[in-house]
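Asks: One structure follows; several queries about it will come next.
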Amino acid sequence: MVSLSAVQASNSSISNSLPPGLVGVFVGATNGIGEATVKQFAKYAQKPRAYLVGRSQEAGDRIVRECQDLNPEGQYIFIKADVSLLRVVDEVCHEIQGKERVVNILFLSAGVLDMTKRRTAEDLQLRFAIAYYSRMRFTLNLLPLLRRAPNLRRVVSVFTATKEGQLHLDDIAGENLSMLTGRPHLSSLMTFSLEALAKFAPEVSFVHDYPGPVKTGIGRELPWILRAAFGVILPFIQIPIEESGERHLFLSTSSRYEPNGVADGQKASGVPLIEGIKVAEGTDGKIGSGVYSVDWDCETCGPKVTALLAKMREEGCVEKVWKHTEGEFKRITGNEKAYDLSPLLFYVVV
């Protein structure tokens, strides 16, 4: 376990070890973990520029004011958007691309606990649209700006890391999966897609994490009896929201989670390692390999999960997952803003 004191020590050195003007994009920033993390970003970074993407204008305006109180030298821009729709994701990314040359942190925490299998207007299951397709579309669209950053280059997706399980290749979109079977499937889907992107962007590091039991608004649409049950149990096991924000800023900035090949800390792209903290093991079992499945305590997945991922990787799951994802993107958006994922060319197809 990475102690909270170590996390705080690392975060406290952000202003001294990273340059001013870091740019962060926080999708799902108007509640819970996203809100807590963007506030820590405002607190610790020098003259940060943060984009807050969410559905609630009222919450967005409030959080912008609170960030300005924390750090008046920063800039905080709220973008109101329903990110369950990929066309809206493209519009948000286009707006950011028009204003920024680089992005240092892409933080993805939007999600919903939905048991009804509702569908979006783009014919995607709502929970998969928000937790997976939307996040991959944001990452794909903003990857060129991340690759261009001169120092910190990090994608963090808050979901169910370290809980990876059997991937159902005959039902990648999860049409027939229950909540119980859907979680390990979707967790593996997330990790393998980040691995696919990392192959073509080795300059960027990718963190898929499990936040643990944190009180957020994600369960607001659950049946009342489940909300009541969580309300009774959660206070006894939950991680304080401020600690969660601290830990997620650590995941977003520490050199513990370096891009592929940087394992000695000498060319750290993030905050240099503090005493007692080492570069983490990636999802392939290698130190500093660029993609990380991380539990709530900032420790990476154990050998059991690593072995399972290796077995599925050998069966071509990374390629199959990305082929499916690319197919859904093309079905919904056509060729517009679809990026060619090759190691040498990375351009927009118009």
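Asks: Suppose we keep just the DSSP beta bridges with both residues in the range 1-142; what percent of those would be antiparallel, to 5?
Replies: So the antiparallel bridges amount to about 5 percent of the total.
Asks: Mind checking which of TYR51, TYR257, TYR133 has the largest fluctuation in a GNM of the chain, springs on alpha carbons under 10 Å?
Replies: Evaluated over the chain, the most mobile residue of the options is TYR51.
Asks: Give me the 1.4 Å probe accessible area per residue for the range 4-333, excluding ligands and nucleic acids, in Å².
Replies: Computed with neighbouring chains in place, this is 41 Å² per residue.
Asks: Positive end of the dipole of the chain, charges at C-beta (+1 Lys, Arg; -1 Asp, Glu), about the Cα centre: which of TRP296, ILE14, TRP322 has its Cα farthest in that direction?
Replies: It is ILE14, whose Cα lies furthest towards the positive end.
Asks: Calculated from DSSP H runs of 4 or more alone, at -39500 (n - 2.57) each and per residue, what is the 222 nm mean residue ellipticity of the chain, nearest 500? Show your work: numbers first, answer last.
Replies: On the way: 11 runs with 145 residues, N = 350.
Roughly -13000 deg cm²/dmol at 222 nm, from the helical runs in the chain.
Asks: Scaled to the compact-protein estimate 2.2 N^0.38 Å, what is the alpha-carbon radius of gyration of the range 1-154, rounded to two decimal places? Intermediate results must be reported in sequence, preceding the final value.
Replies: Working: Rg = 15.7 Å, N = 154, 2.2 N^0.38 = 14.9 Å.
Taking N as the residue count of the range 1-154, the ratio is 1.06.
Asks: Cα extents of the chain along the three principal axes, largest first, in whole Å?
Replies: The Cα atoms of the chain stretch 49, 48, 43 Å along the principal axes, largest first.
Asks: Here's a follow-up. For the range 38-182, with the dipole built from +1 on Lys and Arg beta-carbon atoms and -1 on Asp and Glu ones, taken about the Cα centre, which of LEU146, GLY165, TYR133 lies farthest toward the positive end?
Replies: Sorting the options by dipole projection puts first LEU146.
Asks: Mind checking the dipole of the chain: about its Cα centre, +1 per Lys or Arg Cβ, -1 per Asp or Glu Cβ, Debye to the nearest 20?
Replies: The dipole magnitude comes to about 300 debye.
Asks: Another question, then. Run the reach check for LYS323 against lysines, Cα to Cα strictly under 24 Å, same-chain hits fewer than 8 apart removed. What comes back?
Replies: LYS117, LYS163, LYS199, LYS311, LYS337
Asks: So what's the gap between the Cα centers of the range 27-95 and the range 167-181, to the nearest angstrom?
Replies: 32 Å
Asks: In addition: Have a look at SER244, SER178, SER293 and tell me which one the Gaussian network model of the chain (Cα, springs below 10 Å) gives the largest fluctuation.
Replies: Comparing SER244, SER178, SER293 in the GNM, the peak value goes to SER178.
Asks: A further question follows. Give the carbon-plus-sulfur fraction of the accessible surface of the chain in %, rounded to a whole number; probe 1.4 Å, heavy atoms of protein chains only.
Replies: Here it works out to 55 percent.
Asks: Which value in nm describes the separation of the simple spin-label points at LYS323 and ASP69, placed 7 Å from the Cα toward the beta carbon?
Replies: About 5.4 nm, to one decimal.
Asks: Could you check the simple spin-label distance between ARG119 and THR333, using points 7 Å along Cα→Cβ, in nm with one decimal?
Replies: 2.2 nm
Asks: Normalised radius of gyration for the range 94-165, please: alpha carbon Rg relative to 2.2 N^0.38 Å, two decimal places.
Replies: 1.29
Asks: Would you please give the residues with an amide H less than 5 Å from that of ARG119, counting only those at least 5 places away or on a separate chain, with H modeled from the backbone geometry?
Replies: The answer is LEU126.
Asks: Name the most mobile residue of PRO202, PRO150, PRO184, meaning the one with the largest mean-square fluctuation, in a Gaussian network model of the chain with Cα contacts below 10 Å.
Replies: Highest fluctuation among the options: PRO150.
Asks: Got a sec? Charge dipole of the chain, +1 on Cβ for Lys and Arg, -1 for Asp and Glu; which of VAL214, THR116, VAL102 is way out at the positive end?
Replies: My answer, from the dipole projection, is VAL102.
Asks: Out of residues 5 or more away from GLU281 or on other chains, whose amide H comes under 5 Å of its own, with H placed 1.01 Å from N in the peptide plane?
Replies: GLY288, THR300
The values are calculated or read from the model by the stated rules, or taken from the named source; none is laboratory data. In this text, all values refer to a predicted model and were calculated from it rather than measured experimentally. Every residue, glycine among them, receives a Cβ derived from its backbone with ideal geometry; neighbour counts consider all protein chains shown. What goes into the accessible areas is simple: the full protein's heavy atoms, side chains included, and nothing from ligands, DNA or RNA. Shrake-Rupley method; radii C 1.70, N 1.55, O 1.52, S 1.80 Å.
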